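These notes are about the structure you will find just below.
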Amino acid sequence: MGNREGSSPSSRTSSHTSYWDPFGELMKVEVGEISSVRRTLTIEVSEEDVKKEFARAYTDLRKRVRVPGFRPGKAPHSLLERKYADVVAEDVVLKLVPDYSRRAVKESGMSPIMVEFPSIDHKSIHTDKAFSFTTTIEIKPNFKMNDINGIPLSKETRKITAEDEEKALDALRHRQATLHEVTEERETVEGDFVSVDISGFVGGRPIEALTQTGVLVHLGSKSSYMGVELDAQLTAQRKGDTIDVTGTYPKDSSHSDLSGKPVALAIHVRAVKASVLPELDDEFATDLGLTSLGELKQKVREGLEVQLKRDTEKLYKDQLVKHLVDTHTFDIPPSLLQEEMALAMQHVEHDHQHEHGDDDGSEKQDKLRTLRANIQETAMAQVKARLILDAIAKEQGFTLSDDEIETEYRSLAEQMKLSVAEVKRKVHAGGDRGVERLKARLLHLKAIQHVYDNAHIQD
C-alpha cells in the first residue's frame, strides 16, 4: 500500500487531441500522464480566440475607466492599450485559463477530483499569437477489482459472561445514582463531585466572562478550564479551600483583547458531594418500570446480546476493509491524501488544545510532528478504502433514494441533538462537496454490507 506518486513534474506519456469546444472553435489539447492519477492538459487557445478575448476585455475596460479629455466610453483603443496593457493582459489570462481548462476537461471525458490551474505571467500572452498553457488534474485511480465474494473471516467466539452482566448492572446503578453532600471532614478523592466557584483575573482586573458559580467537577473526568487540569488542582482539597492557579485565555476567543493572555484563577471549594448508588433489588427494578430484579437482569442480558452482535458485525466489517486495502495496489491521489491528513490534524490539534490549552512550546510541536507521521499511514489506508468502496458501489450499481438520504439527515439530527433543518444547513454549507460526502458515506455503507453479506465466516 502506498502513494507511488512520481516526483518528476514532466509527463511520462502524451497524446495529441483536438476538441471542438461548446462555442464551435477548435481547441488543441495534448494530454500527458504524470502518474496513474495525475494528468497534464496542455491547451492551445487559437490566435483568433485570443484576439476576441482581448477585444472583450478592452470593451469592458472602456466602459469602466474615466480618461481625461474623453467622454465615458469614447477613449481610443491605442490610448487604453498604452495605459492599461498589463491590466488587460492579466484579465485575459485569468479568463482564458479556467474557461479553457474546464472545457478541455469536459470534452476529454475525464472526471477530475482536482484541477490545478497554472500561475501564468501575463506578459506571456500576446494579441497576435496563439496562447498555450498547461493545467494539471487529478483523477481517481483505475484498478482491477479482486474477487470480493467469499472473503474468509475467523469466527468471533466471544460470548456474554456473568461478569459482563454484573458490569452492565453496575453501570445502570451509577446512572441512577444520587449526589449527597459529604458532611464528614475529609479531603476530596477521585470519584467525588466538587462544587466550585471560579473567579478569573487578567492583569489584576476581574473578568466577568471568567466568573463561574456552582460548577460541578467530577474528579477523574479530566476536566480542564483555561488550560488548567482541574483533577490535579481539586484532589486532596477540603470544603472552604481556595486554590490559586494560572491559566491562559484561549487564542480563538471572541475577546481579542484577552486572547492568549495569562489568567489568574481563584477556585473556591463550596461543597463536596459523593455519588450514592441504589441497592440492586426489586425496588430498583420497579423504579425503572419493570416488575422484578429478575426481569431487569433478563433485559440487561438481551441488551448485551444485541450490542455484542453489533460489535461483532463491526469487527468483521473492519477486517474486511483491511483485507480490501491490503489486497489492492494503486496510486493514491495526493490531494485526497492531503485533505484527509489536514482533517485528521485539525481533530488532533483540537483535542490537544482541549487537554493542554494554548501551549505553543517546542514540546507541543514535537508531539504534533510525531502524530502527523502516524496520521499519514492511517490517512492513506482510509483514502484507499474509500476509493475501493467507491468502485464496489459503482460495480454493483448501488444508488440512493430520497427516503434514504432523508433518513440519514434524521439520524444525524438525533446524534447531534439538532433539528433536521439545522443539520441540512450544516451539510449544505460545504456546497456540493458536503452533500456528495454524505451520499458517498451512505454508498460506502452499502458496499461494505455487500462484501459482508458475501463473506465466509470460518468455524
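No lab work stands behind these numbers, since they all come straight from the coordinates. Nothing here was measured: the structure is a model prediction, and the numbers come from that model. For neighbour counting, all protein chains shown are included, and Cβ atoms are generated from backbone atoms with ideal geometry for every residue, glycine included.
With labels modelled as points extended 7 Å from the Cα through the Cβ direction, what inter-label distance (nm, one decimal) is found for Lys95 paired with Glu208?
Modelled inter-label distance: 5.5 nm.
From the mean inverse distance of alpha carbon pairs (Kirkwood) and the Cα radius of gyration, derive Rg over Rh for the stretch 286-458.
Working: Rg = 20.7 Å, Rh = 19.8 Å.
With Rh from the inverse mean 1/r over Cα pairs, Rg/Rh is 1.05.
With each label point set 7 Å from Cα along the Cα-Cβ vector, what nm distance links Leu371 and Leu418?
2.3 nm
How much length is gained on full extension from Val435 to Lys83, taking 0.36 nm per residue of separation minus their Cα-Cα distance? Before the final figure, lay out the partial values.
Values: separation 352, 0.36 × 352 = 126.72 nm, distance 4.67 nm.
So the extension gain works out to 122.0 nm.
I need the GluC sites (Glu not before Pro) found in the stretch 248-340, filtered to DSSP loop residues with at most 14 other beta carbons within 10 Å of theirs. Spell out each step's value before the answer.
Working: sites: Glu279, Glu283, Glu295, Glu302, Glu305, Glu313, Glu339, Glu340; in loops: Glu279.
Within the stretch 248-340, the qualifying GluC sites (Glu not before Pro) (loop, at most 14 other Cβ atoms within 10 Å) are Glu279.
Can you compute the radius of gyration and Dmax for the chain, using only the Cα atoms, both in Å?
Cα radius of gyration and Dmax of the chain are 32.1, 100 Å respectively.
Only Lys, Arg, Asp and Glu count, each charged at its Cβ (+1, +1, -1, -1), so figure out the dipole size of the stretch 290-338 about its Cα centre, rounded to 20 debye.
Working: 8 positive and 8 negative charges, 49 e Å.
Dipole magnitude for the stretch 290-338 comes out near 240 debye.
Quote the FRET efficiency, to the nearest 0.05, computed for Ser108 versus Thr378 with a Förster distance R0 of 35 Å and r equal to the Cβ-Cβ distance. Let's see the in-between values first.
Values: r = 34 Å, r/R0 = 0.96.
Step by step, r from the Cβ atoms, then E = 0.55.
Show me the trypsin sites (Lys or Arg not before Pro) within the stretch 380-459 that DSSP assigns to loop and that have at most 16 other Cβ atoms within 10 Å of their Cβ. List each step's numbers first, then the result.
Working: sites: Lys384, Arg386, Lys394, Arg410, Lys417, Lys424, Arg425, Lys426, Arg433, Arg437, Lys439, Arg441, Lys446; in loops: Lys417.
Answer by residue number: Lys417.
Please give the charge dipole size of the stretch 286-458, origin at the Cα centre, charges +1 on K and R Cβ atoms and -1 on D and E Cβ atoms. Round to the nearest 20 debye.
On the way: 25 positive and 32 negative charges, 70 e Å.
Using Cβ point charges on Lys, Arg, Asp and Glu, the stretch 286-458 gives about 340 debye.
Decide, for the stretch 152-255, between rounded, prolate and oblate: order the square roots of the alpha carbon gyration tensor eigenvalues as a ≥ b ≥ c, take rounded if a/c falls under 1.5, and otherwise choose prolate if a/b is larger than b/c, else oblate. Could the numbers behind the result be given before it?
Numbers: a/c = 3.31, a/b = 1.73, b/c = 1.91.
Oblate, because a/c is 1.5 or more while a/b does not exceed b/c.
Take the alpha carbon atoms of the stretch 13-139, find their radius of gyration, then divide it by 2.2 N^0.38 Å using N residues; give the quotient.
1.22
With +1 on each Lys and Arg Cβ and -1 on each Asp and Glu Cβ, how big is the dipole of the stretch 65-164 about its Cα centre, in debye rounded to the nearest 20? Intermediate results must be reported in sequence, preceding the final value.
Details: 16 positive and 14 negative charges, 106 e Å.
Rounded to the nearest 20 debye, it is 500 debye.
Give the separation of the Cα centroids, the stretch 289-339 to the stretch 35-96, in Å.
Result: 59 Å between the Cα centres.
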